[in-house]
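No lab work stands behind these numbers, since they all come straight from the coordinates. Since this is a predicted model, take the numbers as computed values, not measurements. Backbone-built Cβ (ideal geometry, glycine too); neighbour counts: all protein chains shown.
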Amino acid sequence: MRMQITSHTTINAPASDVWRVIAHQFDAIGEWASAIPTSYAAPDAPPPVGAEVGARVCATSVRGFKDIREQFIAYDEEAMRFVYEATAGLP
């Protein structure tokens, strides 16, 4: 079964600042997402052009869930858009 989750959030900050955090610091989600106490770059995933990393591993604070690996499957630096998927664990 394939699942697609789409979310929209309004952030009162310049797009370039938000892009820096969510894309250039993709592996550091544990620094700002309360459900992710720790995260780190997956060293075996080559980053797409313009990205700092290719994938991340996230520990969750949700009991019973193992680490989640999320990897870029599309990345567009100029348009400030990316798509990623969970390749291990549950998103």
>> Running a GNM on the chain with Cα contacts under 10 Å, which residue among ILE29, ILE73, ILE11 ends up with the highest mean-square fluctuation?
In response: ILE11
> Working out 0.36 nm times the residue gap between PHE65 and GLN4, then minus their Cα-Cα distance, what length gain in nm do you get to one decimal?
Replying inline: 20.1 nm
> What net charge is computed for the residues neighbouring THR38, neighbours being all others with C-beta under 10 Å from the C-beta of THR38, Lys and Arg scored +1, Asp and Glu -1?
Replying inline: -2
> Cα-based Rg (one decimal) and Dmax (whole number) for the chain, in Å?
Replying inline: 13.1, 38
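Starting from 0.36 nm per residue, how many nanometres of slack lie between ALA86 and ASP44 once their C-alpha separation is accounted for? Before the final figure, lay out each step's value.
On the way: separation 42, 0.36 × 42 = 15.12 nm, distance 1.51 nm.
Gain in length upon complete extension: 13.6 nm.
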